[in-house]
Amino acid sequence: MSPNDPKLSARRPRTRAVQAPNRKRGPISTPVVHSATFSFPSLDALMEAQGAGAAGAFYQRYGHPTLRACEERLAALEGTEEALLFSSGMAAISAAFLAHLRAGDHVVALHQCYGGTLNLLAWGAERLGWSVDLVDARRPESWAAAFRPTTRIFHIESPTNPTLDIVDLAHAATFAHARDALLTVDNTFASPIAQRPLEHGADLVLYSATKSIGGHGDLLAGSAAGSRRAMEPVWKARKVFGAVPDPQLAWLIERSLKTLPLRVEAANTSAFELAARLARHAGVERVLYPGLPGHPGHAIAKRQMELGFGPVVSFEVRGGREAAVAVVEALEVVLHAPSLGGVESLASLPAYTSHAGRTPAQREEAGIGEGMVRVSVGIEDVEDLWADLERAITIAAGVRT
Ligand SMILES: *Cc1c(COP(=O)(O)O)cnc(C)c1O
């Protein structure tokens, strides 16, 4: 059974999310196979299963049937040959780097990348002989100076956290390939429904499946997808380091994939509406959302994103730190919590979560003010979300006076 079943890949994302490859006969929900190892009637049969890698049923760390069903569904959604799941987003990102970097290799990544990824790169620079340079997502004209003959990976995100800067994916791919580097894209903020970086030339697409893919705030997982050639060493890294999801987790992720397009569309539609209303609110200094025409990345986002512009909206409330704290503490429908992409709307203060480790000067340079609130919009009724936000911002305005 191939994830690239031509009939299935001709169908639209909502159909591909619900329909699994090769499900003509039998249970319509994937059976959860709780087996650490598998038995064989002959040595040939054992060797065949072992040789099949992630697609075989040999030993659970290599891959297993429940996981494979989910990986095939994910590859079909992504429109690529191979997808692999991991026990966290960081496990997927580290497997991709460990697979494609050796001691002495150089990586270029964005300043704006996820903090855990920057920590991973620093760790690799300290212990594994990688070298790393960071560039600004907003200044592509400055990227060339960071590349070296030893650069093997250009790692990016778009939209970025929490300022939602947009990188032109096709340009980044051409740019990396001209310098013999792979383009790896952490596509967590967009999800495979709203943006498919592989179609714009990326070599690997990476996710924290903890976010939109899992989507219910109840699991930790990651994924990587790309061509067989790019993914073969990633599978080896997963096997060596062992961050393989167990059957129960694999089944939960597959279940979530069926509703992914519906959830993403609902969240993105509400996020757009809330961003537009926030931009008109007197208590709000500025709104960062790539769907708004005034956003510097709007034109590129419109070209490379589908079904909206992602679930995350960031805004700067008038009154700085105190007002922002008052907003998150006054919210009742929206929960005060880190993370994103789930059915529940969440709000957090980037200065105290993702960017807590930076100095005020570094945060200012990154464009993250003390009054910044990041909202991950869920699938609740948009009018209830707006009433909640409006009420909280009004209370925050009272705190100032
Ligand atoms: C959350 C997140 C990660 C890390 O994923 P985990 O599942 O927490 O390991 C990586 N990249 C981005 C953009 C994220 O939001």
Exercise for the section: Quick one: which helices (runs of 4 or more DSSP H) lie wholly within segment 259-373 and hold at least 3 residues that are within 19 Å of TRP386 (Cβ to Cβ)? Expected result: 320-330
Practice task
Mind listing whichever residues of segment 374-389 are part of a helix (DSSP H, G or I) and closer than 21 Å to PRO290 by Cα?
Solution key: VAL382, LEU385, TRP386, LEU389
Handout entry: Residue count for segment 168-224, restricted to those that are within 13 Å of the ligand (Cβ to nearest atom) and outside any helix (DSSP H, G or I)
Key = 27
Problem - Criterion violated by SER35 - all others in (1) surrounded by 15 or more Cβ atoms within 10 Å (Cβ to Cβ); (2) touching a residue at least 24 places away in the same chain (Cβ under 8 Å) satisfied - result: (1)
Problem - Selection count where residues are surrounded by fewer than 19 Cβ atoms within 10 Å (Cβ to Cβ), of a type in the set (D, E, K, R) and out of contact with any Ser or Thr (no Cβ under 8 Å at 6 or more places or on another chain), scope segment 362-387 - result: 6
Completion exercise
Flagged in segment 22-56 as touching a helix residue (DSSP H, G or I) at 6+ places or on another chain (Cβ under 7 Å) and assigned to a helix (DSSP H, G or I), in numbering order, are GLY53, ALA54, ALA55
Fill in the blank from the handout: If we keep only residues of segment 63-86 that are part of a loop (DSSP other than H, G, I, E, B) and surrounded by fewer than 20 Cβ atoms within 10 Å (Cβ to Cβ), then the residue modelled with the highest pLDDT is GLU81
Exercise for the section: Working only within segment 138-177, note down all residues that are under 16 Å from the mean Cα position of the chain (by Cα) and among the acidic types (Asp, Glu). Expected result: GLU157, ASP165
Exercise for the section: With respect to SER158, determine if the residue is under 23 Å from VAL313 (Cα atoms) and of a type in the set (Ser, Thr, Tyr). Expected result: yes
Problem - Selection status of PHE241, of a type in the set (Phe, Trp, Tyr), within 16 Å of the ligand (Cβ to nearest atom) and over 18 Å from LEU74 (Cβ atoms) - result: yes
Problem - LEU101 being closer than 26 Å to TRP235 by Cβ, crowded, with 19+ Cβ neighbours inside 10 Å and away from the ligand (no atom under 13 Å from the Cβ) - result: yes
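This table checks each residue for (1) under 30 Å from ILE393 (Cβ atoms); (2) among the hydroxyl-bearing types (Ser, Thr, Tyr); (3) in contact with a strand residue (DSSP E or B) (Cβ under 6 Å, 6 or more places away or on another chain).
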| site | (1), (2), (3) |
| --- | --- |
| ALA178 | no, no, no |
| VAL185 | no, no, yes |
| GLY242 | no, no, no |
| PRO245 | no, no, yes |
| ALA279 | yes, no, yes |
Fill in the blank from the handout: Scanning segment 350-401 residue by residue, those under 22 Å from the mean Cα position of the chain (by Cα) and hydroxyl-bearing (Ser, Thr, Tyr) turn out to be TYR352, THR353, SER354, SER376
Completion exercise
Within segment 123-157, the residues that are small (Gly, Ala, Ser) and either free of Cβ contacts under 8 Å to residues at least 24 places away in the same chain or exposed (fewer than 14 other Cβ atoms within 10 Å of the Cβ) (or both) are ALA125, GLY129, SER142, ALA144, ALA145
Practice task
Answer yes or no as to whether ARG286 is closer than 22 Å to ALA209 by Cα, among the basic types (Lys, Arg) and either out of contact with any helix residue (DSSP H, G or I) (no Cβ under 7 Å at 6 or more places or on another chain) or without any contact (Cβ under 8 Å) to a residue 60 or more places away in the chain (or both).
Solution key: no
Practice task
May I ask you to list pairs of residues, at least six apart or on different chains, whose Cβ atoms are under 7 Å apart, with the first in segment 380-396 being of a type outside the set (Lys, Arg) and the second being exposed (fewer than 14 other Cβ atoms within 10 Å of the Cβ)?
Solution key: ASP388/GLU332
Handout entry: Selected residue (criterion: surrounded by the most Cβ atoms within 10 Å (Cβ to Cβ)) from residues of segment 104-122 that are in a loop (DSSP other than H, G, I, E, B) and more than 12 Å from the ligand (Cβ to nearest atom)
Key = ASP105
Practice task
Filter segment 158-176 down to the residues that are more than 17 Å from ARG303 (Cβ to Cβ) and of a type outside the set (S, T, N, Q), then identify the one that is surrounded by the fewest Cβ atoms within 10 Å (Cβ to Cβ).
Solution key: ALA176
Practice task
Could you list all residues from segment 244-256 that are within 16 Å of the ligand (Cβ to nearest atom) and either outside any helix (DSSP H, G or I) or under 17 Å from the mean Cα position of the chain (by Cα) (or both)?
Solution key: VAL244, PRO245, ASP246, ILE253, SER256
Exercise for the section: Please work out which residue is nearest to ALA224 (Cα to Cα), limiting yourself to segment 149-167 and to residues that are within 16 Å of the ligand (Cβ to nearest atom) and among the hydroxyl-bearing types (Ser, Thr, Tyr). Expected result: SER158
Fill in the blank from the handout: Only one of ALA146, ALA137, ALA125 is farther than 28 Å from PHE241 by Cα, away from the ligand (no atom under 16 Å from the Cβ) and in contact with a strand residue (DSSP E or B) (Cβ under 7 Å, 6 or more places away or on another chain), namely ALA146
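The values are calculated or read from the model by the stated rules, or taken from the named source; none is laboratory data. On a predicted model such as this, the values are computed, not experimentally measured, just so you know. Glycine gets a Cβ as well: all are built from the backbone with ideal geometry, and neighbour counts include every protein chain shown.
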